[in-house]
Amino acid sequence: MGHSTGCQDCLAYAGAAREGGEVGAGDEGVWVDGLILQGPVSDREAIGMGEDAGEVKASLEVAEELIKAGKGGQVMVGEALPAGWRDGPVTAYRWASLAGVGGDDDYFSSDLPDDKLAAVWGKLEQPVLIVPSQKDEWVPTTIDVMGLVEKWKSFCKPGIGSELSGLIPDANHRVDNDAGQEWLADRVARFLAELEQ
């Protein structure tokens with residue numbers, strides 16, 4: 001089960017495990033029976049909500065230059081990043097992955113082309129439960145989140161995109177409301193029960 005960025009981790013893990021590759025820190029891919037994506041959001045679109053578009057564009061240009069120079073692991077500092085990102089260390093690779101169109105973490109943006117969606121969702125081999133929050137503060141209000149969930153599921157093989165997928169009622173990104181937590185716990189329990197059948 002992944003929350004927020006953990007949702008990208010789940011999809012990356014599923015892809016690496018499917019290919020028999022390494023999933024990080026030298027661990028060999030281990031098969032999991034199902035994936036739960038809670039709070040899948042587009043970092044790129046969330047960044048676009050709160051940061052100046054010109055600063056984001058300039059920061060991506062700096063990141064791409066560093067990556068091209070073989071310095072993707074270099075920490076970007078100060079004016080190289082948008083104002084809201086200057087308090088913590090971010091490497092050039094990580095910034096390009098989060099904020100760039102088609103970056104390695106760009107799984108959930110609403111404008112992804114069908115070929116990218118097919119490459120991710122169409123290759124999943126294990127069932128996936130997709131449960132975004134109905135009132136996620138990191139998702140632009142112009143996005144039809146349930147429409148996105150249905151679109152993602154449409155690229156899955158039959159039986160992979162769980163019919164239990166849906167919006168967590170009245171929940172923010174953290175799901176800190178009681179009703180949302182109860183709904184989420186119920187969906188997760190039902191999904192796990194389906195996996196055991």
Scan around I168 for amide H atoms under 5 Å from its own, H built in the peptide plane at 1.01 Å from N, and keep only partners 5 or more places away or cross-chain. S133, Q134
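Relative contact order of the stretch 46-99, please, whole-number percent, based on alpha carbon pairs below 8 angstrom and at least 6 residues apart. Walk me through the numbers before you get to the answer.
Values: 60 pairs, mean separation 22.3, N = 54.
Value for the stretch 46-99: 41 percent.
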Please list, ordered by chain and number, the residues whose modelled amide H lies under 5 Å from the amide H of V90; skip anything fewer than 5 residues away on the same chain. M76
Specify the angular offset, from 0 to 90 degrees and rounded to the nearest 10, of the alpha carbon long axis of helix 145-154 from the longest principal axis of the alpha carbons in the chain. 70 degrees
Starting at the first residue of the stretch 182-196, write each ³J(HN,Hα) from the Karplus equation 6.51 cos²θ - 1.76 cosθ + 1.60 with θ = phi - 60°, in whole Hz, x for Gly and Pro. 5, 4, 4, 4, 5, 5, 5, 4, 5, 5, 5, 5, 5, 5, 6
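So how strong a dipole does the chain carry about its Cα centre when Lys and Arg Cβ are +1 and Asp and Glu Cβ are -1, to the nearest 20 debye? List each step's numbers first, then the result.
Values: 16 positive and 35 negative charges, 54 e Å.
Dipole magnitude for the chain comes out near 260 debye.
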Note down the nm distance, to one decimal, between modelled labels 7 Å out along Cα→Cβ at K135 and at D115. 4.1 nm
Taking a cut-off of 17 Å between Cα atoms, list the aspartates and glutamates near K116, but don't count ones fewer than 8 places away on the same chain. D9, D43, E45, D104, D105, D106, E125, E150
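Quick one: compute the contact order of the stretch 86-197, relative version, from alpha carbon pairs under 8 angstrom and 6+ residues apart, as a percent.
Details: 117 pairs, mean separation 27.6, N = 112.
RCO, the stretch 86-197: 25 percent.
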In order over the stretch 159-168: 3J(HN,Hα) from phi, Karplus 6.51/-1.76/1.60, θ = phi - 60°, whole Hz, x for each Gly or Pro, gives x, 8, x, 5, 6, 7, 4, x, 7, 6
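For the chain, what is the percent of antiparallel DSSP beta bridges, rounded to the nearest 5?
Details: 4 of 12 bridges.
Just about 35 percent of them are antiparallel.
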Nearest 10 degrees is fine. How inclined is helix 5-19 to the longest principal axis of the chain, computing both from alpha carbons? 80 degrees
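For the stretch 46-99, give the magnitude of the charge dipole about the Cα centre (Cβ charges: +1 Lys/Arg, -1 Asp/Glu; no others), in debye to the nearest 20. Intermediate results must be reported in sequence, preceding the final value.
Numbers: 5 positive and 8 negative charges, 49 e Å.
Magnitude of the dipole: close to 240 debye.
Got the relative contact order for the chain handy, in percent, Cα pairs under 8 Å and 6 or more residues apart?
Details: 310 pairs, mean separation 41.2, N = 197.
Relative CO of the chain lands at 21 percent.
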Please list, in chain and number order, the residues 5+ apart from L35 or on another chain whose amide H is under 5 Å from its amide H, with Hs placed from the backbone. V128, L129
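Computed from the coordinates by the stated procedures, all read-outs in this text should not be read as laboratory data. Owing to the predicted nature of the structure, the values given are computational and were not obtained by experimental measurement. Heads up, the Cβs are rebuilt from the backbone with ideal geometry, glycines too, and the neighbour counts pull from every protein chain shown.
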